[in-house]
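Encoded as structure tokens, the structure appears first; notes follow it.
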Amino acid sequence: MHLARFPRRRYTPYLTPIERLDHLSSYLGGANLYVKRDDLLGLAGGGNKTRKLEFLVADALDQGADTLITNGAVQSNHCRLTLAAAVKEGLRCRLVLEKRVPGSYDPSASGNYFLLKLLGVEKITVTEAGADLNAIMEEIAAELAAEGRQGYIIPGGGSNPLGALGYIACAEETLQQTFDLGLAVDRIVTTSGSGGTHAGLVAGLHGNSAGIEVTGISVRAAKGPQEEKIHQLAAATAELAGVTTPLPRDRIVVTDDYVGPGYGLPTEGMIEAARLFARLEGILLDPVYTGKTAAGLIDLVRKGEIGPDEMVLFVHTGGSPALYASQETLLD
Ligand SMILES: *Cc1c(COP(=O)(O)O)cnc(C)c1O
């Protein structure tokens, strides 16, 4: 792999830290837990989409686009970060927000929804759950073209092979850091959502023959279809990056045990995890992604599926701005 061949914008002028979760590791009485602080990536509020946008926005600029178009749920971190990248590049941004969680749309909401307005989004289109988001983004692009403008469509979550290169870069950064720190990591635990993060990490570790297991915690889809989707995206991402050995299907492991009643809906485990990370480590999780992922991490340690001597790296993919729209759920 030789990622320097791809056009890239830089939004994080440093490596995100790897820290030991001392208090959480001793509280759980087992496993050697570390965190990769991708919540500290650049652009407003940080989080995993920043890595994907480095490649996606570089491509948009190469194509001469003047407006970024993307979609997400009404509290989307991805939409916030896409808009922040647009602001930084002097582009405009149109967003399609899906009322994916019943009753979740509140035009006076705090959290990411407030930040979209503060960051100066050009226009938001709010749709019902299940709407054809790709078709709506195409319509917006056509509307812009009719005005002599040029839109660039970024898929939901930035999860196409080009965006997922950002997590190949993260895999390589992590291998270098763990080598410097002398940490022989056995397993990485990450959220598995639109998939670019999970797929990019697997592709990057495979391309480096690293032999580190990756456990993906689903926050929405069932295990079978999610594994299939991640395998396809990881294979396409590895191919784009120039990896020539096929990616075995069994490198993709997803658990859907921590989704609870559905995407964005709270679970007991999520609430416990968000409180434990805050109160033991001073780290803010989010209610939709990292809270459920950390709930999975904690439960797998408690059940012994993650062994007491395993060295585990939890990828903190960000999302804390969404906390400010979930106070009632998270406080006692
Ligand atoms: C989007 C998001 C994820 C999921 O990442 P995918 O690449 O979409 O699977 C995880 N955590 C946070 C905070 C996110 O915003």
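GNM on the chain, alpha-carbon springs under 10 angstrom: the most fluctuating residue among Gly224, Gly296, Gly130 is Gly130. Rounded to the nearest 10 degrees, the angle from helix 290-302 to the longest Cα principal axis of the chain is 20 degrees.
Normalised per residue, the accessible area of the chain is 41 Å², obtained with a 1.4 Å probe and no contribution from ligands, DNA or RNA. For the chain, the longest principal axis of the alpha carbon atoms and the long axis of helix 49-62 meet at an angle near 30°. Would you mind computing the Rg to Rh ratio of segment 145-225 from its alpha-carbon coordinates, Kirkwood style for Rh? My calculation puts Rg/Rh at 1.12.
Remark: segment 8-18, residue by residue, has Karplus-estimated 3J(HN,Hα) of 8, 9, 9, 10, 9, x, 6, 8, 6, x, 10 Hz, where x stands for each Gly or Pro and the curve is 6.51 cos²θ - 1.76 cosθ + 1.60 at θ = phi - 60°.
Taking the Cα centre of segment 52-115 as the origin, how large is its charge dipole in debye, to the nearest 20, when only Lys and Arg (+1) and Asp and Glu (-1) carry charge on their Cβ atoms?
Details: 7 positive and 7 negative charges, 49 e Å.
Charge dipole, segment 52-115, about its Cα centre: 240 debye, nearest 20.
When the Kirkwood hydrodynamic radius is evaluated over all pairs of different C-alpha atoms of segment 184-251, what value in angstrom, to one decimal, is obtained? It is 11.9 Å. Normalised by 2.2 N^0.38 Å, where N counts its residues, the alpha-carbon radius of gyration of segment 198-328 equals 1.12.
Overall, the accessible surface of the chain at a probe of 1.4 angstrom is composed of carbon and sulfur to the extent of 51 percent. Each residue of segment 269-285 was assigned a 3J(HN,Hα) from its phi angle through the Karplus expression (A = 6.51, B = -1.76, C = 1.60, θ = phi - 60°), giving x, 4, 5, 4, 5, 5, 6, 4, 5, 5, 8, 9, 10, x, 10, 8, 9 Hz with x at Gly and Pro. Annotation: Cα Rg of the chain relative to the compact-globule expectation 2.2 N^0.38 Å equals 0.95.
Once backbone amide H atoms are built at 1.01 Å from N, Arg92 has Thr67, Leu68 as its partners under 5 Å, excluding neighbours fewer than 5 places away on the same chain.
Once Rg and the Kirkwood radius are both taken over the C-alpha atoms of segment 1-160, their ratio Rg/Rh works out to 1.04. Charge tally for Ser159 (other residues, Cβ to Cβ under 12 Å; Lys, Arg +1; Asp, Glu -1): +4. With the largest listed first and rounded to whole Å, the semi-axes of the equivalent ellipsoid of segment 109-186 from the Cα gyration tensor are 36, 17, 13. Let me know the longest stretch in the chain that avoids all trypsin sites (Lys or Arg not before Pro) found in a DSSP loop with at most 15 other C-beta atoms within 10 Å. After excluding every exposed loop site, the longest remaining stretch is 150-302.
A simple rule links phi to the HN-Hα coupling: the Karplus curve 6.51 cos²θ - 1.76 cosθ + 1.60 with θ = phi - 60°, which for segment 140-148 gives 5, 4, 5, 4, 5, 4, 5, 8, x Hz, with x for Gly and Pro.
The C-alpha atoms of segment 1-69 occupy a region whose extents along the principal axes are 54, 28, 19 Å, arranged from largest to smallest. Here the Gaussian network model covers the chain, with springs between Cα atoms less than 10 Å apart; of Thr290, Thr127, Thr317, Thr127 fluctuates the most. Over the chain, how many pairs of lysines fall under 22 Å by alpha carbon, counting only those 8 or more apart in sequence or from different chains? Count of close lysine pairs: 21.
Counting only Cβ charges, +1 for Lys and Arg and -1 for Asp and Glu, the dipole size of segment 1-93 around its Cα centre is about 80 debye.
A helix-only calculation puts the chain at -12500 deg cm²/dmol for mean residue ellipticity at 222 nm, using -39500 (n - 2.57) for each DSSP H run of at least four residues, averaged over all residues.
The values are calculated or read from the model by the stated rules, or taken from the named source; none is laboratory data. In this text the structure is predicted, and so the values were computed from the model without any measurement. A quick note on method: Cβ atoms are made from the backbone with ideal geometry, for glycine too, and the neighbour counts reach across all protein chains shown. With ligands, DNA and RNA removed, areas are computed over all heavy atoms of the protein, side chains included. Shrake-Rupley method; radii C 1.70, N 1.55, O 1.52, S 1.80 Å.
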